[in-house]
Amino acid sequence: TADGVPLSANVPAAGLNMLVNPSSTTNYILTYVIDSKGCEANLSNSTTLTVNEIPQLTFTSPNETCDGDIIQLNFNFTAGSAPWTVNYSVNNIPTSVPFNNAIDSIAISPATQTVYTINSVTDNNNCINDITQTLSINTNPLPEAIISGGGSICDDGSTTDVVFTINSGTPPFNITYSAGLLSNTASNIGNIYTIPTNQIGSYTVQNVTDANGCQANSITGSAYVNVNPLPEANITAFPQPANILNPQISFTDLSN
């Protein structure tokens, strides 16, 4: 019997090896044997064939990341016995990693567009599942900001340009910058952003974020705006009044 189901087989003198392929753990019991003479004997020998499940796995990750960011490659084992060993490739370069937990992850930081392909998973019972699962992760470049411009102007309403140039990244951009002691923001700007200003002080870029949420880690250049005061004329003369007996008049320049 196989789990209580009666079965029979003709056994030649040399013996018989039966091939079985159960889908679940099965208990086999010999109940009786009849020989070619019709002699019969009861039997009680038994054996159990343990059928281990095939390991199953799904893995996920964000489809996009920013250059230099660390993201998680998540593994979810839904069948099989721990520990599992996953054989996979990164841009066709093979590697393997063991996992002890049914839900686990590894930290990755892909520098370019990367394709992760799982080739097989093996569990603690040496059961193997030759599966093929593929993930493609696009790595977006970081924006790079350069600040320039500024200069010296007169305090007569004149302005000078401070220029923000953003290389790389994906527009539009959001930028946070300081002008002297003041903090300012500009949203949805392109690769070149110019502000006419007469706000005195040093201009610095504090943060640049592109359309993919990637933040700049390269900010260079400088800009400084100096506003010069206008001259004020102030001249005095003495003596006042002058006369024919003392005709020399002295002028004193008190201008700023």
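The values are calculated or read from the model by the stated rules, or taken from the named source; none is laboratory data. The shown structure was predicted, so the numbers you read here are calculated from the model rather than taken from an experiment. A quick note on method: Cβ atoms are made from the backbone with ideal geometry, for glycine too, and the neighbour counts reach across all protein chains shown. Accessible surface areas use protein heavy atoms only, side chains included; no ligands, DNA or RNA. Shrake-Rupley method; radii C 1.70, N 1.55, O 1.52, S 1.80 Å.
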Original post:
Relative contact order, percent, of the chain when contacts are C-alpha pairs under 8 Å separated by at least 6 residues?
Top reply: 13 percent
**OP:** Can you pull the one-decimal nm distance between simple spin-label points at S158 and F238, each 7 Å off the Cα toward Cβ?
**Re:** 3.7 nm
Original post:
So which GluC sites (Glu not before Pro) in the range 4-66 end up in coil per DSSP with only 16 or fewer other C-beta atoms within 10 Å?
Top reply: E53
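Work out the FRET efficiency for Q113 and Q133 from their Cβ-Cβ distance, taking R0 = 22 Å, and round it to the nearest 0.05.
Step by step, r from the Cβ atoms, then E = 0.80.
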Original post:
Near the amide H of A223, under 5 Å away, which other amide H atoms are found, from residues 5 or more places off or on another chain, if H is placed in the peptide plane?
Top reply: Y203
**OP:** Before anything else, pin down the relative contact order of the range 140-256: Cα pairs under 8 Å, at least 6 apart, normalised by residue count, whole percent.
**Re:** 30 percent
**OP:** Please work out which option in (i) 42; (ii) 64; (iii) 58 gives percent of Cα pairs over 31 Å apart calculated from these coordinates, and answer with its label.
**Re:** (ii)
Original post:
Roughly how many nanometres apart are two label points built 7 Å out from the Cα toward the Cβ at N124 and N198?
Top reply: 7.8 nm
**OP:** Taking Cβ-Cβ under 4.7 Å as the only way to count a partner, pick out the unpartnered cysteines of the chain.
**Re:** C39, C127, C154
**OP:** Evaluate the distance, in nm, between pseudo-label points positioned 7 Å from the Cα of V90 and of Q248 along their respective Cα→Cβ axes.
**Re:** 9.2 nm
Original post:
Quick one: if the Förster radius is 22 Å, what FRET efficiency do D3 and K37 give, using the C-beta to C-beta distance and rounding to 0.05?
Top reply: 0.10
Subject >> Calculated FRET value between N188 and Q215, using beta carbons and R₀ = 22 Å, to 0.05 >> reply: 0.85
**OP:** On the protein heavy atoms, probe 1.4 angstrom, tell me the percent of accessible surface of the range 7-147 carried by carbon and sulfur.
**Re:** 49 percent
Original post:
For the range 62-135 and the range 137-183, what is the separation of their Cα centres, given in Å?
Top reply: 41 Å
